[in-house]
Amino acid sequence: MFRFPWTLTDNPVGWVEITDSCNIECRGCYRRRLEGHKSLAQIEEEIGFMQRFRNVDQINLAGGEPLVHPEIVEIVRLIHARGLKPCIISNGQRLKKPGLLESLKKAGLEHISFHVDSGQIRPGWTGKSEEELNALREVLADRIHRAGGIKCGFNMTVTRSNLDHVPRMVRWALSQRGRVTGLTFIVLRGGVLREGYTYLALGRPVQIPPDALGYLTDEATRGEYVYATDVRDVLRQNFPEYSPAAYLGGSVRSESLKWIVAQTICSGRQMIGSAGPRAIELFQSAYHYLFGRYSLGSRRPLGHTALGMALLDRGMARAFWQWIRRGLIFRPVYGLAMAIVQPPDELPDGTFEMCDGCPDMTYFQGKLVHSCRLDEYRQFGSLLSQVPRQMTSQARD
């Protein structure tokens with residue numbers, strides 16, 4: 001696979017959390033409700049920081065639930081005016097508000113990615129299986145399709161309990177025939193407070209209440225963990241045409257796969273192939289050469305012209321021949337991007353392995369920090385570290 005060349009200061013994504021308020025509860029959420037909505041001035045400062053010091057191509061508006069922010073339309077308009085791609089990460093509940101989606105489209109919204117899964121406490125849908133939730137996904141996809149001109153994707157938290165539903169969600173996405181452009185599967189992760197350890201912030205011991213950090217979990221939950229490679233293997237078993245082409249590694253272990261990315265090529269309700277590493281590398285290199293920054297994807301949906309890369313990329317060549325052999329030449333070609341994300345892993349020594357080249361870095365007091373551990377900074381002023389209590393007592397002696 002091609003390793004994405006993204007870095008801390010040259011990365012396609014700027015992650016901007018505009019509120020920590022939310023209208024549902026999600027399993028695995030790592031954001032506590034402490035501050036509410038940020039001001040428009042503060043949000044504009046963060047977007048400007050991302051553009052100047054991170055060289056971003058798009059801004060992912062997150063939270064909390066960004067659609068509950070009273071100035072969400074103006075925030076999207078501000079991002080669009082800066083020449084960046086506005087993207088919203090949402091649970092979709094707020095789209096019921098009349099006129100909101102139309103206003104977001106006029107403001108320049110390019111992409112909305114809905115988080116819908118069976119681990120949510122959502123009015124009318126709590127306790128539903130992933131397959132039953134496809135009815136809700138259909139409603140949301142319909143709304144975006146009717147609005148026109150906005151890309152639509154879906155996120156799902158994956159555990160051992162719903163791993164077998166991953167292929168079913170992909171089949172549902174294929175049934176949309178291009179209305180859904182991307183799926184992201186995020187495997188559940190967390191951390192535990194260890195007995196016999198002292199926790200330090202800025203070199204000083206701190207007390208950590210059990211509900212202080214959203215990622216804190218217990219041993220039973222840890223038994224639900226799967227790995228990004230488990231999701232990849234399930235997809236390979238069910239879809240022979242699925243072939244990952246790019247990845248991000250971990251910050252500690254050379255063998256870690258923290259992001260596994262595939263750009264599948266589809267026609268009708270069928271997956272006919274996947275772009276190969278060469279195609280991904282050529283796109284990243286060409287985009288950076290032309291525009292001076294990396295990108296997650298072009299503004300236009302993938303179409304027939306993408307098959308022209310068959311001359312340069314083996315994966316595209318296989319997709320091209322499948323398109324002909326299956327008699328699909330009179331049907332549209334579309335892309336379904338699939339990303340598998342493995343959030344921070346707690347290592348045996350109590351440290352965390354992060355994503356190398358992480359796209360989800362966010363702003364905190366003039367610097368870039370990992371969004372998944374932002375609450376450590378918000379509540380304790382820094383990342384937490386841990387040492388055996390025996391060592392701390394010896395240090396005091």
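Every number here is computed from the coordinates shown, using simple stated rules; none is lab data. Given the structure is predicted, the values throughout are model-derived calculations rather than measurements. Positions of Cβ are generated from backbone atoms using ideal geometry, with glycine treated the same way; all protein chains shown enter the neighbour counts.
Backbone phi angles across segment 185-194, fed through the Karplus curve with coefficients 6.51, -1.76 and 1.60 (θ = phi - 60°), yield HN-Hα couplings of 10, 10, 6, 5, 9, x, x, 10, 7, 8 Hz in residue order; Gly and Pro are listed as x. Taking a point 7 angstrom from the Cα of Ile208 along the C-beta vector, which residues in segment 337-354 have backbone N less than 18 Å away? Correct set: 343-354. Placing a label point 7 Å from the Cα of Asp233 along the Cα-to-Cβ direction, no residue of segment 127-152 has a backbone N closer than 11 Å.
With angles folded into 0 to 90 degrees, how steeply does helix 314-325 sit against the dominant principal axis of the chain? Use alpha carbons for both and round to 10. Helix 314-325 sits roughly 40 degrees off the main axis of the chain. Between the listed residues Gly203, Thr229, Val252, the Cα displaced farthest toward the positive end of the dipole of segment 194-257, a dipole computed from Cβ unit charges relative to the Cα centre, is found at Gly203. Full extension of the chain segment joining Ile329 with Ser254 gains 22.8 nm, where the gain is 0.36 nm per residue of separation less the Cα-Cα distance. If you run the Gaussian network model on the chain, springs between alpha carbon atoms under 10 Å, then out of Asp313, Asp57, Asp218 the most flexible one is Asp218. Distance from the C-alpha centroid of segment 178-227 to that of segment 262-339: 36 Å, rounded to the whole angstrom. Between the residues Gly153, Thr362, Thr217, the greatest Cα displacement towards the positive end of the dipole of the chain, with unit charges on the Cβ of Lys, Arg, Asp and Glu, is found for Gly153. Look at the dipole of segment 121-242 built from charges on Cβ: of Ser129, Val139, Val192, the Cα furthest out on the positive end belongs to Val139.
All C-alpha to C-alpha distances of segment 165-227, sorted into 5 Å bins beginning at zero, yield P(r) values of 4, 13, 16, 15, 11, 11, 9, 8, 6, 5, 3, 0 percent in whole numbers. Residue by residue, segment 139-155 carries 3J(HN,Hα) couplings of 4, 5, 5, 4, 4, 5, 5, 5, 5, x, x, 10, 6, 10, x, 9, 10 Hz when phi is fed to the Karplus relation 6.51 cos²θ - 1.76 cosθ + 1.60 (θ = phi - 60°); x denotes Gly or Pro.
With no solvent and one equal point scatterer placed on each C-alpha of segment 114-235, evaluate the Debye formula and give log10 I(q)/I(0) for q = 0.11, 0.18 Å⁻¹, two decimals. Summing over Cα pairs of segment 114-235 leads to -0.50, -0.98.
Evaluate Rg over Rh across segment 148-187, taking Cα atoms for both radii and Kirkwood's formula for Rh. In segment 148-187, Rg relative to Rh is 1.02. For the pair Ala317 and Ile24, label points projected 7 Å from Cα toward Cβ lie 4.5 nm apart.
Each other residue within a Cβ distance under 13 Å of Trp323 adds +1 if Lys or Arg and -1 if Asp or Glu, for a net charge of +3. Compared with the direct C-alpha span, the chain from Phe291 to Gln379 gains 27.9 nm at full extension, assuming 0.36 nm per residue.
Distances between placed amide hydrogens fall under 5 Å for Ala337 paired with Gly182, Leu183, Thr264, all partners being 5 or more residues away or on another chain.
Along segment 328-337 the Karplus relation, 6.51 cos²θ - 1.76 cosθ + 1.60 evaluated at θ = phi - 60°, assigns HN-Hα couplings of 9, 5, 9, 10, x, 9, 9, x, 10, 6 Hz to successive residues, with x for each Gly and Pro.
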